[in-house]
Structures are given as C-alpha cells and as structure tokens.
Amino acid sequence: MNCRGVYSELGGAIIGPTVWAAMTEANSTAASMSELLDVTGRRLAELLGAEAGRVTSGAAAAIALGTAACMTRGDGAATERLPDTTGLPGEVILQRVQRPHYKYARLIWMTGARLRLVGSDDGTSPDDLEQALDPERVAAVFVPAHLDEQPGALPLREVAAVAHEHGIPTLVDAAFLNYPPGSMSRFTREGGDLVCFSAKYFYGPNTGGFVVGRSDLVEALAVLDFTGFESGPWAIFGRPFKLDLPTVVGTVLAVEEWLELDHEARWRSYAELVEELAAAVDGIAGVRAEPSFLTMVETLEPEPVNCLVLRIDPEEAGVSAAEVERTLDESNPRVAVHLHDDTLIVAVDTMLPGQCPHVCARLRAALT
C-alpha cells in the first residue's frame with residue numbers, strides 16, 4: 001500500500017474510476033495514433049488556454065522531445081541525425097543557481113544538446129542571460145518552474161521576456177505544478193513556449209504526460225514523435241517514446257476531471273484519513289504525531305494536510321523509526337512510508353480510504 005505519495009517507482013497515483021473505465025473501453029478498439037494525438041492535443045490546448053498541445057509518454061519524455069523540437073524545428077532529416085546536432089542550434093541554457101537542485105537535465109543531454117549554465121552560484125542577472133543568447137547556437141532556455149523562487153534565480157516571466165527578444169523559445173518543466181488547477185495555464189501566459197506536465201499527479205496514467213504551448217513547436221514535436229517512424233520517410237528520434245491508445249485517452253480525461261474536481265472535498269478526505277491514523281497511534285510512548293503537508297519537493301509545511309508525521313524517540317518507544325519502517329515494508333501487503341532519521345511520514349494522498357484500517361493496524365503493531 002502506497003503511503004509515500006505520487007512516485008513513478010510506486011506506480012504513480014491510483015487512476016480514478018472514470019478514467020480507468022475510459023481506458024478500458026479504449027483498449028477494446030483501434031485508432032490512428034496520429035489522428036488521436038492531433039484531436040486530443042487540440043482538447044488539451046482548449047482546456048489550458050494554449051495554442052496547441054500533445055500527449056507524451058510522461059513529462060520526462062516531453063522534456064526530451066521538446067528539446068529535440070526546439071533544435072530541429074520540424075526538419076525530419078535533422079531529427080533522424082540526433083543526437084548528432086551538427087548544423088543545429090545545439091545549446092540549451094539553464095541557470096547555474098538552479099542546476100544543483102535539478103536532476104532531470106540528462107533528458108536534455110540525451111538528445112545531443114549541450115547544457116550551458118549561465119550566471120553564478122549566487123544567481124543570474126538579465127545581462128548574464130542575454131549575453132548567452134545567440135540564436136545560431138542556442139535552441140532554448142530551459143526553466144524548471146518549481147525552482148522559480150530559488151534564491152538568485154530569474155523567474156519564468158523574466159527569462160521568457162529576455163529570450164523572446166532574441167527569438168529563442170523557453171522550455172518549461174512544470175511536471176507536478178497542477179494545483180490549484182487554474183495555475184496550470186499560467187506558464188504559457190508567463191511566456192512558456194513548450195510546457196511539460198506529468199499525468200500521474202492528477203490521477204492519470206503513470207506513463208502519461210503532455211506538452212502545451214506554441215503551435216509551431218508542438219507541430220515540430222509531432223514531427224519527431226513515434227508515430228511516423230515506420231510509415232514516414234525518416235527514422236526519427238522520438239521512436240522510443242511510444243504511447244498506447246488507452247494512455248492517450250486516460251491522460252486527457254484525467255486533465256478534464258482534475259480541472260472539475262471538488263478539491264476542497266479532496267483535502268477534507270485527506271485530513272480525515274490523517275485523523276484516523278493519528279487516533280491509531282495515540283497514547284503510544286515515545287511517539288509524537290503531527291498532521292502536516294508533504295510537498296512535491298519533499299519538504300514539510302503546516303497545511304493543507306496530506307500526511308501524518310511521526311517523530312519517534314527510540315529509547316522511550318523501544319523501537320526506532322528505521323525498525324518500524326522495515327517492519328511495515330516486510331508486512332503483507334507491504335506498506336511504503338517515508339523514513340527520515342527518527343521520523344516517519346505516512347502520506348495519504350495515494351491511499352484509498354478502504355486501506356486505512358489495515359495501515360492503522362500495521363502501524364500500531366510495528367510501534368508497539
């Protein structure tokens with residue numbers, strides 16, 4: 001049972017029943033994937049107020065495909081040559097101050113692009129960025145949107161303004177930045193030319209994702225995705241990022257449902273599950289329980305509540321946090337939680353309500 005949160009290695013989130021039913025129905029038919037991706041891309045664009053959109057096999061694939069699209073701009077022969085970037089603008093700009101906090105840069109490298117860091121360890125000025133923007137060499141400026149507020153970093157809006165003056169697009173990683181739902185459209189409004197999202201963060205398929213943004217760049221991405229490899233004239237770069245029909249359908253329907261979901265009720269349901277967990281460990285010596293909010297960057301904040309933090313004094317409790325975590329991991333069914341030193345974090349946003357009694361029982365048994 002997943003009490004850790006939305007992680008690819010744990011299968012993402014549990015797909016919602018309506019989305020799962022639609023994916024099951026889609027699995028009983030066949031369709032032209034090119035046509036399906038075109039139609040669903042238009043729907044994504046409509047939902048998020050963008051010029052165009054396209055489903056991808058996750059946000060990581062969207063970053064790789066987006067990088068390649070910015071370099072090749074629809075040139076099929078160039079997409080076939082990748083990762084050879086000869087004759088192409090082969091550099092992607094990233095702020096140096098953000099690099100230590102961002103591990104997905106390898107998705108840029110795999111296209112053959114060279115990552116060029118600008119600014120200093122302390123921050124980036126508009127001049128630092130502007131001096132690096134040679135359109136003959138630079139394919140895109142890359143923005144990890146969750147690091148917009150990194151001290152010393154230029155936010156997307158400022159980066160895009162400078163980049164656009166030189167005719168260079170911005171490629172944005174907004175993989176998990178989908179709450180509040182209305183904020184998903186802000187990245188294109190702030191100048192994102194290709195914005196990448198992951199479907200698993202809104203109860204969609206673990207292998208689903210999408211891009212929205214400028215129509216010419218989305219069209220360039222479509223040129224190099226998997227659909228034309230067998231039928232088209234070019235053995236294009238994007239063949240490994242194949243999609244199945246149910247994933248495409250499930251991704252778009254999950255976006256629709258996320259935008260219409262009663263999120264206040266969703267947060268209330270999390271708080272109720274946390275209360276149930278807290279009651280199960282109440283009175284256990286050496287255990288201090290605190291409702292909290294585990295963010296997507298794995299920091300803890302007071303609210304809104306989506307987890308229970310258990311701080312364990314091993315001398316008083318007679319058991320360490322590591323021992324409890326191991327016991328839960330070895331139970332059947334396994335219960336996956338976070339372990340940090342003397343602290344356990346039990347997340348509920350990927351736990352079904354019917355699973356809570358079992359988790360409560362296993363947790364209390366492991367602590368006592």
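Quick notes
- Sorting His164, His146 by solvent-accessible area of protein heavy atoms yields His164, His146, largest first, with a 1.4 Å probe.
- In terms of its C-alpha gyration tensor, the chain has a prolate overall shape, because the principal axis ratio a/c (a ≥ b ≥ c, square roots of the eigenvalues) is not below 1.5 and a/b outweighs b/c.
- Difference of contour (0.36 nm per residue) and Cα-Cα distance, Glu158 to Ser183: 7.2 nm
- Global form of the stretch 190-236, assessed from the alpha-carbon gyration tensor, a/c cut-off 1.5: oblate
- Per-residue ³J(HN,Hα) for the stretch 282-297, Karplus 6.51 cos²θ - 1.76 cosθ + 1.60, θ = phi - 60°, Hz, x for Gly and Pro: 4, x, 7, 4, x, 10, 10, 9, 9, x, 7, 10, 8, 6, 6, 9
- For the peptides 55-61, 354-360, 177-183, the ranking by packing is 55-61, 354-360, 177-183, with the highest mean count of neighbouring Cβ atoms within 10 Å listed first.
- Residues Met1, Met110, Met23, ordered by accessible area of protein heavy atoms at a 1.4 angstrom probe radius and largest first, appear as Met110, Met1, Met23.
- Taking Cα atoms only, the orientation of helix 156-165 departs from the longest principal axis of the chain by about 10 degrees.
- Solvent-accessible surface (1.4 angstrom probe) belonging to Val39, in square angstrom, nearest 10: 80 Å²
- Accessible area of the chain divided out per residue, in Å², using a probe of 1.4 angstrom: 44 Å²
- Under the shape rule built on the C-alpha gyration tensor, where the axes satisfy a ≥ b ≥ c, the stretch 1-102 is oblate, since a/c reaches at least 1.5 while a/b does not exceed b/c.
- Within the assembled protein chains, the solvent-accessible surface assigned to Lys103 is about 150 Å², based on a 1.4 Å probe.
- The stretch 242-289 and the stretch 43-79: distance between their alpha carbon centers, rounded to Å: 29 Å
- For the pair the stretch 90-137 and the stretch 314-368, the centres of their Cα atoms are 41 angstrom apart.
- Exposed GluC sites (Glu not before Pro) absent: longest stretch of the chain, with sites in DSSP loops and at most 11 other Cβ within 10 Å deemed exposed: 1-135
- Mean Cα-pair separation over length for the chain, i.e. relative contact order, pairs under 8 Å, 6 or more apart, %: 21 percent
- One compactness figure for the stretch 44-187 is 1.02, namely its Cα radius of gyration divided by 2.2 N^0.38 Å.
- When nucleic acids and ligands are ignored and a 1.4 Å probe is applied, Arg43 ends up with an accessible area of around 80 Å².
The values are calculated or read from the model by the stated rules, or taken from the named source; none is laboratory data. If you're wondering where the values come from, they're calculated on a predicted model, not measured in any experiment. All Cβ positions, even for glycine, are placed from backbone atoms using ideal geometry, and neighbour counts span all protein chains on display. To get the accessible areas, we keep the full protein, side chains included, count just its heavy atoms, and leave off ligands, DNA and RNA. Shrake-Rupley method; radii C 1.70, N 1.55, O 1.52, S 1.80 Å.
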